[in-house]
Amino acid sequence: MKFNCDCCGLCCRHIDKVPQLKNFDEGNGVCKFLDAVTNRCRIYFNRPDVCNVEVGYKKFFSEIYTEEEYLRLNYEVCSQLKRKHKLDDET
């Protein structure tokens, strides 16, 4: 299974909610590696494991959730961020 990200950048603009990413926070909740123009990660191929849904699942959450549950939770959080920030939910 794969998480289908539409690259809206909202998760990268709210990393203050992810303790593992505190060193990446510009101080305003935005990841210092987010390209504000393209919404793309400037260190995508070297991004932290927690930023990679598939790797994060295997490394941190596989003993807690099934893969289907984990993906569903990620989509739910994505949808909540989009609703809160009034973006179309395409997930």
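The values are calculated or read from the model by the stated rules, or taken from the named source; none is laboratory data. Source: prediction; values computed, not measured. Positions of Cβ are backbone-derived with ideal geometry, glycine not excepted, and every protein chain shown enters the neighbour counts. Remember, those area values only see protein heavy atoms, side chains included, never the ligands or the DNA or RNA. Shrake-Rupley method; radii C 1.70, N 1.55, O 1.52, S 1.80 Å.
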For the stretch 52-79: of the residues being touching a residue at least 60 places away in the same chain (Cβ under 8 Å) and over 21 Å from Leu21 (Cα atoms), which is most open to solvent (accessible area, probe 1.4 Å)? Glu68
So, Lys82, is that one among the basic types (Lys, Arg), out of contact with any helix residue (DSSP H, G or I) (no Cβ under 9 Å at 6 or more places or on another chain) and in contact (Cβ under 8 Å) with a residue 12 or more places away in the chain or not? yes
Can you spot a residue in the stretch 19-27 that is of a type in the set (S, T, N, Q) and either more than 17 Å from Gly56 (Cα to Cα) or in contact (Cβ under 8 Å) with a residue 40 or more places away in the chain (or both)? yes
